[in-house]
Structure formats: structure tokens, C-alpha cells
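Worksheet: the structure to be examined is printed underneath.
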Amino acid sequence: MTPDNDPRPWTVESSEYIHQLPWFTVRKDAIRMESGGSIPDYFILEYPDWINVVAVTTDGQLVLIRQYRHGIAGVHYELCAGVVDPNEDPLVAAQRELLEETGFGGGQWTPLMTLSANPGTHANLTHAFLAVGVELQQAQHLEITEEITVHVVSPERTWEIINNGEMMQSLHLAPLLKYLAGR
């Protein structure tokens with residue numbers, strides 16, 4: 001139930017694109033608040049929606065990946081993740097990405113949670129799925145820009161990875177922690 005005194009959505013008085021590329025689109029909005037305040041230069045980053053997958057094998061192991069991330073100049077553990085293509089269902093994107101990045105597929109799929117990287121500045125959502133009973137079905141099918149290693153680890157080892165700071169991506173940690181806490 002929504003409280004009666006919730007803040008109201010802002011009114012967009014004008015909007016313009018500052019920069020538009022597939023991986024970096026910036027929009028500048030001039031907004032007015034119900035209270036009368038205004039922000040003439042409010043910047044929004046537009047990305048396509050993202051997905052990630054907590055993949056659990058038939059014997060209860062977790063499928064993690066490792067790859068280099070240039071923003072923080074490091075290699076860490078992550079969940080399989082990717083971009084939802086235009087007009088693609090997030091579940092279809094998640095199943096495609098898991099198969100391409102790890103070679104694992106099948107199993108029973110359910111939505112786990114939907115998150116925002118930063119609801120103050122990002123216009124997209126991340127759809128996290130739980131895939132239980134996945135099995136290795138093929139070799140990885142990586143894009144030329146992907147260098148990914150696959151690691152099948154126990155839930156206990158996954159806790160160690162988290163506690164040791166070996167996983168940095170918060171959008172991956174949240175659904176993984178939700179799964180591990182509910183086991």
C-alpha cells in the first residue's frame with residue numbers, strides 16, 4: 001500500500017539528448033517538482049534493460065563467470081549477464097546469454113527480482129532470473145569482445161567469494177544473496 005504522503009512524480013518541462021550511442025546515451029531533462037522546486041539540468045543515462053542469471057546445476061552447484069571489467073580495471077566473479085535486445089523478452093535474453101556465455105542451459109526458470117543500477121540517473125532495469133537444474137549443453141559461443149571463463153562452484157565457495165570481495169558487481173550480488181539466503 002502506498003502512503004498518502006508519498007512524493008509525486010516530477011513534471012518534465014523539456015527534454016533533449018546530449019549524446020546518443022548504443023552504449024552511452026545521455027538525456028538532459030528540465031524538471032519541476034510539485035513543491036515548486038525545479039532542476040533545469042537533470043541528466044539521465046539511457047541503456048537497454050539488462051539481465052542476469054543465478055544458474056544452479058542439477059547437483060546444486062552455481063555457474064559463475066570471470067571476466068575483465070575495464071571500469072574498475074579488474075577481473076572478478078560475476079553472474080552470467082547481458083543486454084535485452086530490442087523487442088526481446090527478458091527471459092529469452094537470459095536464456096540466450098546463459099547458453100552463449102557459459103554453455104549451460106535447460107532447467108526451470110523463474111523471475112528472481114528486478115533492480116535498478118541507480119534509479120536517480122539510470123532509465124533501465126535489470127531483470128534477474130533463477131535457473132535451477134541447468135546442464136552443460138554446448139561450448140561457449142562468445143562475441144569477439146568477450147573473454148569469459150566459466151566456474152562451477154559450491155554454495156559454500158560462493159559465500160567465500162562474496163565474503164572475500166571477489167565479486168564486485170552489486171546487480172549480481174543482490175540476486176545471488178537472495179538465492180543463497182533462501183536456500
Candidate span helices, the chain: DSSP H, at least 15 Å along axis from Cα coords, Kyte-Doolittle average at least 0.0, result 170-182
Relative contact order in percent for the chain (Cα pairs under 8 Å, 6+ apart) equals 22
Listed residues Gly37, Gly165, Gly120; largest mean-square fluctuation, Gaussian network over the chain with Cα springs below 10 Å, found at Gly37
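Give the Rg/Rh ratio for the chain, taking Rg as the radius of gyration of the Cα atoms and Rh as the Kirkwood radius, to two decimals.
Result: Rg/Rh = 1.04.
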If exposed means GluC sites (Glu not before Pro) lying in a DSSP loop and surrounded by at most 12 other beta carbons within 10 Å, then the longest stretch of the chain lacking such sites spans residues 35-142
quick note, the stretch 42-168, DSSP beta bridge pairs, % antiparallel (nearest 5) is 70
With N residues in the stretch 64-113, Rg(alpha-carbon) / (2.2 N^0.38 Å) equals 1.27
Expressed as a percent, the accessible surface of the chain that is carbon or sulfur, using a 1.4 Å probe and the full set of protein chains, is 54
Share of Cα-Cα pairs in the stretch 1-99 beyond 22 Å, whole percent, is 58
Counting only protein heavy atoms and leaving out ligands, DNA and RNA, the solvent-accessible surface of Arg8 at a 1.4 Å probe, in Å² to the nearest 10, equals 120
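So what's the back-of-envelope 222 nm ellipticity for the chain, counting only DSSP H runs of four-plus at -39500 (n - 2.57) apiece and dividing by all residues, rounded to 500?
-6000 deg cm²/dmol
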Heavy-atom accessible area per residue of the stretch 61-183, all protein chains kept, 1.4 Å probe, expressed in Å², is 52
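The values are calculated or read from the model by the stated rules, or taken from the named source; none is laboratory data. Just so it is clear, the model here is predicted, and its values are computed rather than measured. We place every Cβ from the backbone using ideal geometry, glycine too, and count neighbours over all the protein chains shown. All accessible areas refer to the heavy atoms of the entire protein, side chains included, with ligands and DNA or RNA removed. Shrake-Rupley method; radii C 1.70, N 1.55, O 1.52, S 1.80 Å.
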